[in-house]
1. Are any of the residues in segment 275-294 within 29 Å of SER188 (Cβ to Cβ) and free of Cβ contacts under 8 Å to residues at least 24 places away in the same chain?
2. With GLU639, GLU603 as the choices, which residue is part of a strand (DSSP E or B) and not hydroxyl-bearing (Ser, Thr, Tyr)?
3. Between a residue in segment 14-29 that is basic (Lys, Arg) and any residue that is modelled with pLDDT of 85 or more, which pairs come within a Cβ distance under 9 Å, given they are 6 or more apart or on different chains?
4. Which pairs have Cβ atoms under 6 Å, sit 6 or more apart or on different chains, and link a residue in segment 33-49 that is among the aromatic types (Phe, Trp, Tyr) to one that is part of a helix (DSSP H, G or I)?
5. Only residues that are under 21 Å from ASN399 (Cβ atoms) and either surrounded by 24 or more Cβ atoms within 10 Å (Cβ to Cβ) or among the small types (Gly, Ala, Ser) (or both): list them for segment 107-132, please.
6. So for segment 564-583 (the condition being at pLDDT 95 or above, closer than 30 Å to GLY476 by Cα, aromatic (Phe, Trp, Tyr) and outside any helix (DSSP H, G or I)), does at least one residue qualify?
7. Taking the condition without any contact (Cβ under 8 Å) to a residue 40 or more places away in the chain, surrounded by fewer than 13 Cβ atoms within 10 Å (Cβ to Cβ) and outside any strand (DSSP E or B), does GLY465 pass?
8. Sort out which residues of segment 408-425 are assigned to a strand (DSSP E or B) and among the acidic types (Asp, Glu), and write them in order of number.
Amino acid sequence: MAALLGALALGAIGCKGAKLTDADEAYDRGEYNDAAVIYRKVYNKLTKREDRWLRGEVAYMMGLCYRKLGQSSRASAAFQNAIRYEYEDSMALFYLAEAQQHEGRYAEAIENYNAFLEYVPDHYQSQIGIRGCQLAPEWKREGSRYIVKQAKLFNSRRADFAPMFLGAEADQLYFTSSREQATGDARSEITGTKKSDVFFSKIDDKGKWSRPAPVEGELNTEWDEGMTAFTPDGTTMYLAKAIRKNAPSSIDIYTSSRSEAKWSAAQKFEITADTLSAYCDPAVSADGAWLYFSSDMPGGQGGKDLWRINIKDKHGTLQNLGEQINTPGDERFPYCRTDSILYFASDGHPGMGGLDLYKAVLQPSGKWYIENMGSPMNSPFDDFGITYGKGESGYFSSNRGDARGYDHIFSFEKPELKVWISGFVLDKDDEPVPNAIIRIVGDDGSNQKSVAKPDGSFRFDLQRGVSYVMLAGADGYLNSKQEFESDIEEADAEYNVDFILAAMNKPQVIENIFYDYDKASLRDESKQALDEMVQVMKDNPHIIIEMAAHTDRIGSDRYNNALSERRAQSVVDYLIKNGIARDRLKPQGYGKSRPKTVTKRIEKLYPQFHEGDVLNEEFIDKLSDEDKAAADQVNRRTEFQVISTSYDMY
C-alpha cells in the first residue's frame, strides 16, 4: 500500500511527491520518527478539496507511525482524521479503538472495537480490547496495596526503561536509556533520540543510590543496547542489541562478561539459524539454567511470544511457553522471580491498555495461573520490564504521563500486611494469670510461643488465610484451647481472643447452666456451656473432676440435697454422652450447704455485694427483696473442681 500511496501522490502534489515517497521508504525501514515528520509535512500541504482522499491515507500512515512510537494521543487524532476523510481500510477503526484504550477513553474504545468487529467478527485483539475496557474501570476503582512512584533519580528527559537488579543484594540497578550521555552523536531514525545504552546505579556507603552512569567497559556502542539480564553469579549479562545498516533493525540477544567491574564487548548468542526473526527481552531463570526471551519466530501463537532455551545445552531444548501465556498479541519482557513465578508484559490478555504487567504462577498440574497485576501497577499506557529487589518491592518501566511516548522508570512497593492477634489470659475472677504461656500453631507450619505480660496481655503476628490452633496454660491452671482462621482479604487486620483459665485449687463456676424449675433436666440453652466443658476435659486429658450442684436457701436440706444430686448427675451424664470417660467424673450435690463467697467478678456483676461477703441465710435475710433474689441466683450454681491430675498417666 505504501508504494501505491507514493505513486498516487506524485500526481496529486506534483514535484512535491518525492517527499511522500521518502516517508513511505522511511516507514518501510522502520524509521517511524523520521517518517512521521515527513507525513505531517505532506498532510499539511494537502489542502485542496480534490486531495481529501489522499489526506485520509496520509493521516492513516501518520497514525501508524505514532502507534509505533507509543504516542497514543497523536495516533488517536491521526486515525480519527483518516476515518473523517473516508479512508477505506477498516483497520483504522481498530487502531483508533486501541489508541483510545491507551488514553483511558474506554467507552469510546468499546464503541470503535465493536464497529471494527462488524467487519471482522472474530478479531481476537478487538475482543480482548473490549474485555480489557470493561475490566479496567473496576481494576482502577478497586486499586491494590501497591505504592507506585516515579523513580526520578533514574529518569532523564529521554527514554529510560527495563530496569534489572544485578545480584541478590539488589544494590546495583541496570537499565536502558537514550539520554544525552549515551554513546555517540547519532540520532535514532526510529525514535528521534540518541540510540540507547546500558546505564547503572549502585547504593553507596550511606545507603543512597548513585547518579546513573554508563556501564564501564566495551559494552555500549553506536548501536542500540537494550534490556539486560544476569546469571545468578552476576558474571554474565544477556542483553538485546539492535544493529541497523540501512535496513530495518535486526534485534538479537548478546552476552557480555564482567571482569573487575567492566563489561566486555557483546557477543551474539545464537538461538536458531533463523535470521529473519527478532530475538529480544532476555531473562535468566532463577537457577541459571534457562534463557527466557521474546520472539516473533515461526511456531508461536502470533505476534511476539515468550520462549525459553537451555543456556548450556541448546540442542533440542527450545520451547514455546504455550497458549496459556502466549496469545495472538505480543508477550514480552519476561522476568523469572522463582522457578515457578514468571512476570511478563502483554497486550494479548485483557488489560487496561497497551502492555500490561502479568504474574504467572506454575501450578503442580503444569498449568499457569495468570493474573493482571491491576492498578496502579498497570495503566492505560505501556507497563513492562519489572524487576524485584528485596521483599515485595522493585522497579518497572512505563510511558504513562508522557505525551511523547518516552518510557520512564517507576518504583513499586507492596507494604507488608499487618495481621496479628492479641488478647489477655485471665482467671475466672478476671485477674491476670501469672506467667501464662501461650502457644500458636498454624497449618502453614508456623509455631510461636510467648509468655503473657504481667497484665495478662499477649500478641502474635499472623499470616493471611492460615488456620491456627492456640493453647494457653499456666502452673495450677487448666489449659484452654481455641481455633480460628485468619481472613484472606488483603488488608491489615487485628484479631482478639481472651483465655479464661480455671484454677485447679478452688471450685470453678460453669456459667449459663440452666434447669427447669424444681427439676434436674437441663434446658437447651445450657448446651453451649456444657460443650465448652467437654472441650476443657479434652484439652486436659489427665484431670478428674468433682461436678457439684448447689441450690439457693429456699426449701428443706433434704429436698435441696436431692435436687442438687440429680442436677449434678444430669451434667455428668451429658459429658459422658459426649465422650468423657465416666471414671473422670464425680457428681456431688451440696444443696444449700455451701453458700457462695463473693469474688471480684461477682462484685462487678452485683455491685450491691462486696468481695468477701458470704451469701448465707443470715446475710440474705437482711437484704431487700430485689437483692435477696440476686443472692439466691448467685448461690444457684454448677461448679467443678479438679480432684486429681494423674488420670491415665501410668
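1. yes
2. GLU639
3. As it stands, the answer is LYS16/VAL42; LYS16/LYS45; LYS19/ILE38; LYS19/LYS41; LYS19/VAL42; LYS19/LYS45; ARG29/ALA35, since those pairs meet every condition given.
4. Sorted first by the residue in segment 33-49, then by its partner, the pairs are TYR39/ALA23; TYR39/VAL58; TYR39/MET61; TYR39/MET62; TYR43/VAL58.
5. Passing the criteria: ALA109, GLY129, GLY132.
6. no
7. So GLY465 fails the test.
8. The one that is assigned to a strand (DSSP E or B) and among the acidic types (Asp, Glu): GLU413.
The values are calculated or read from the model by the stated rules, or taken from the named source; none is laboratory data. None of these values were measured; they are calculated from a predicted model. Note that each Cβ is placed from the backbone with ideal geometry, even for glycine, and that neighbours are counted across all protein chains shown.
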